[in-house]
Amino acid sequence: MGPGQPTMSNLEVPNLEDSGSNWVTYKERVINLLTHEGLERHLYGTAPKPEELREVDGKWFTEEEPTKPLTRKGIKEHDAKIDIFVQQEATVREVIYQTVSQYTFLRIYKEETSAELWIKLISLF
């Protein structure tokens, strides 16, 4: 993805120069794009991750209701929340991946979350 190429909502983010010469512009454009798309909380690590389920004797429970097993519908709803969270994380990562060089990508891609990836990128520039 380069300047002039469409991204989410047809907003553009410039490619980050390895020299960091356009870091201020790049950073603000990424933040603005992700804010526009409702994904900025993933960038800052404040998007709530759905809680992990706990299995006991073949039944699934939440921390909020540790004595009430989830129904099949409840499990499907929980799985859908997890899927949405993971997809949103991937979208944030992809915006960054597509706008940095291979050199920079190799320095940041191992971070576990999009927020950690962003912090690592900031530390480089």
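The values are calculated or read from the model by the stated rules, or taken from the named source; none is laboratory data. Computed from a predicted structure; not experimentally measured. Note: ideal-geometry Cβ built from the backbone for every residue, glycine included; neighbour counts use all protein chains shown. Calculation scope for accessible area: heavy atoms of the full protein, side chains included, ligands and nucleic acids excluded. Shrake-Rupley method; radii C 1.70, N 1.55, O 1.52, S 1.80 Å.
At a glance:
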{"quantity": "Among (1) loosely packed, with under 12 Cβ neighbours inside 10 Å; (2) over 24 Å from the mean Cα position of the chain (by Cα), the one test that residue 52 misses", "calculated": "(2)"}
{"quantity": "Selection within segment 26-37 - open to solvent by 50 Å² or more (accessible area, probe 1.4 Å) and either farther than 16 Å from residue 101 by Cα or at pLDDT below 95 (or both)", "calculated": "28, 29, 32, 35, 36, 37"}
{"quantity": "In segment 98-119, the residues that are open to solvent by 50 Å² or more (accessible area, probe 1.4 Å) and closer than 15 Å to residue 17 by Cα", "calculated": "98, 102, 103, 105, 106, 107"}
{"quantity": "Only one of 81, 73 that is more than 19 Å from residue 120 (Cβ to Cβ), basic (Lys, Arg), modelled with pLDDT of 95 or more and more than 18 Å from the chain's Cα centre (by Cα)", "calculated": "73"}
{"quantity": "Number of the exception - residue 64 against (1) among the acidic types (Asp, Glu); (2) within 12 Å of the chain's Cα centre (by Cα); (3) loosely packed, with under 15 Cβ neighbours inside 10 Å", "calculated": "(2)"}
{"quantity": "Hey, residue 92 of a type in the set (Val, Ile, Thr), open to solvent by less than 40 Å² (accessible area, probe 1.4 Å) and at pLDDT 95 or above or not", "calculated": "yes"}
